[in-house]
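K.L.:
Okay, handing you the structure first.
The values are calculated or read from the model by the stated rules, or taken from the named source; none is laboratory data. For clarity, every value in this text was computed on a predicted model and none was experimentally measured. Cβ placement follows ideal geometry from the backbone for every residue including glycine, while neighbour counts extend to all protein chains displayed. Note: accessible area is taken over every heavy atom of the protein model, side chains too, but ligands, DNA and RNA are not part of it. Shrake-Rupley method; radii C 1.70, N 1.55, O 1.52, S 1.80 Å.
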Amino acid sequence: MLQSLCFFSILLPLQFTISHTQTMASNNALPPTGNGLIVSFGEMLIDFVPTVSGVSLAEAPGFLKAPGGAPANVAIAVSRLGGKAAFVGKLGDDEFGHMLAGILKDNHVKADGINFDKGARTALAFVTLRADGEREFMFYRNPSADMLLTPEDLNLELIRSAKVFHYGSISLIVEPCRSAHLKAMEVAKEAGCLLSYDPNLRLPLWPSPEEARQQILSIWDKADVIKVSDVELEFLTGNGKIDDASALSLWHPNLKLLLVTLGEHGSRYYTKNFHGSVEAFHVNTVDTTGAGDSFVGALLCKIVDDQSILEDESRLREVLKFANACGAITTTKKGAIPALPTEADALNLIKGA
């Protein structure tokens with residue numbers, strides 16, 4: 001999810017999930033990872049992170065490069081867990097762009113949907129967590145290649161072959177990428193794909209908060225599965241509250257599952273017929289980069305071949321427990337992609353909890 005722009009080097013306990021509001025015994029085994037293709041659409045970029053923690057960008061003595069971009073993280077998370085994933089987006093026809101494409105291929109993500117632009121560079125982002133706790137961003141995308149993806153660039157055959165189509169909101173910010181995003185969604189929906197949406201709010205990239213809210217919500221009622229963070233929930237509702245009523249105010253008739261992650265206070269799920277929260281995992285957190293992407297990838301690879309899981313609370317809870325374990329593990333190392341777990345990693349954490 002630009003998710004990888006959140007880098008933290010402090011060590012603290014993370015409670016990625018919270019106890020269910022009702023005591024529910026679960027006798028259901030974890031569903032197998034599906035064979036259906038999950039196509040992830042959007043941005044992939046290079047994050048530059050200071051070699052020293054707790055300093056401003058200006059004070060940083062040096063930077064390390066790390067591959068990032070939420071949709072790409074989700075695709076690799078799916079593949080790492082044994083699922084089938086593809087990425088659709090545009091990179092610069094430069095060394096960074098080809099490096100990123102190579103990382104996708106090395107992680108067994110289908111690259112048939114990648115385009116290279118000779119006129120624009122691969123997106124770069126410099127990010128740090130200052131000593132006062134505030135994150136500081138500096139983006140180099142004026143424009144970057146991902147912003148120049150056109151509807152004509154799309155590999156429509158690849159999109160139609162997917163069972164799940166996943167996307168964020170960064171690609172809605174400017175044209176022509178916005179039109180490409182809307183076209184890809186339309187084609188995926190017509191092909192019967194499950195649409196998965198993680199807004200991944202990055203306000204510094206938007207012209208204004210009002211524009212961000214309007215555009216993020218402009219495609220809200222198209223998605224079947226939506227995941228938001230507590231910060232995004234508060235931003236989108238504008239009521240300053242993080243509770244069930246606020247979450248349910250974002251419900252729409254076509255939605256099958258709404259997920260709200262609450263950081264150290266856990267996560268909750270909402271469907272048409274039930275809602276609740278999931279069990280806690282405590283780990284030593286080094287870097288929260290990509291935790292949400294890992295969570296989403298784990299969820300999608302378990303429901304891709306069996307959407308009936310979304311209507312069965314016991315089975316859904318098993319999947320969400322697994323997804324929460326994947327998210328928690330991802331926070332125990334620096335960087336998103338190196339920290340994304342295998343299924344065995346997640347099952348070991350669940351077993352030891």
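K.L.:
Taking the highest mean first, how do the peptides 281-294, 228-241 order by number of other beta carbon atoms within 10 angstrom per residue?
P.N.:
Descending packing order for the listed peptides: 281-294, 228-241.
K.L.:
What is the gain in length, in nm to one decimal, between Leu182 and Lys333 on full extension, counting 0.36 nm per residue of separation less the C-alpha to C-alpha distance?
P.N.:
Gain in length upon complete extension: 50.9 nm.
K.L.:
Output the relative contact order of the range 81-187, whole-number percent, from Cα pairs under 8 angstrom with separation of 6+ residues.
P.N.:
Over the range 81-187, the number comes to 24 percent.
K.L.:
Another question about this same structure. Under a Cβ-only charge scheme (Lys and Arg +1, Asp and Glu -1), can you give me the dipole magnitude of the chain about the Cα centre, in debye to the nearest 20?
P.N.:
Taking the Cα centre of the chain as origin, the dipole is about 440 debye.
K.L.:
A further question on this structure: Say each of Ser218 and Lys65 gets a label point 7 Å from the Cα, pointing the same way as Cα to Cβ; how far apart are those two points in nm?
P.N.:
In this crude label model, Ser218 to Lys65 measures out at 3.3 nm.
K.L.:
Exceeding 19 Å between C-alpha atoms, which entries from my cross-link table qualify? They are Lys163/Lys183; Lys90/Lys183; Lys163/Lys302; Lys105/Lys189; Lys222/Lys256; Lys84/Lys105.
P.N.:
Lys105/Lys189
K.L.:
Based on the mean of other Cβ atoms within 10 Å per residue, sort peptides 245-252, 123-130, 46-53 so the most packed one is first.
P.N.:
123-130, 46-53, 245-252
K.L.:
How far apart, in nm, are the 7 Å Cα→Cβ label points at Thr342 and Asn284?
P.N.:
According to this spin-label approximation, the distance is 2.3 nm.
K.L.:
Turning to a different aspect of this structure: Efficiency by 1/(1 + (r/R0)^6): what FRET value for Thr51 and Asn273, r their Cβ-Cβ distance, R0 = 56 Å, to the nearest 0.05?
P.N.:
With a Förster radius of 56 Å, E is 0.65.
K.L.:
Express in nm, to one decimal, how much length is gained between Asn239 and Lys189 on full extension, taking 0.36 nm for each residue of separation and deducting their alpha carbon distance.
P.N.:
Full extension from Asn239 to Lys189 adds 14.8 nm.
K.L.:
So, in Å, what gap is there between the alpha-carbon centers of the range 282-328 and the range 74-144?
P.N.:
Here the two parts' Cα centres lie 22 Å apart.
K.L.:
Another question about this same structure. Given a 1.4 angstrom probe, I'd like the percentage of the accessible area of the chain that is carbon and sulfur, rounded to a whole number.
P.N.:
Exposed carbon and sulfur together represent 51 percent of the surface.
K.L.:
Positive end of the dipole of the chain, charges at C-beta (+1 Lys, Arg; -1 Asp, Glu), about the Cα centre: which of Pro31, Leu262, Thr150 has its Cα farthest in that direction?
P.N.:
Pro31
K.L.:
I'd like to know how the chain sits against the 2.2 N^0.38 Å rule of thumb: what's its Cα Rg over that expected value?
P.N.:
Taking the Cα Rg and dividing by 2.2 N^0.38 Å, one obtains 0.92.
K.L.:
With every protein chain left in place, what is the accessible area per residue of the chain in square angstrom, probe 1.4 Å?
P.N.:
Per residue, the chain has an accessible area of 40 Å².
K.L.:
Tell me, what is the percent relative contact order of the range 152-253, built from C-alpha pairs under 8 Å that lie six or more residues apart?
P.N.:
Value for the range 152-253: 25 percent.
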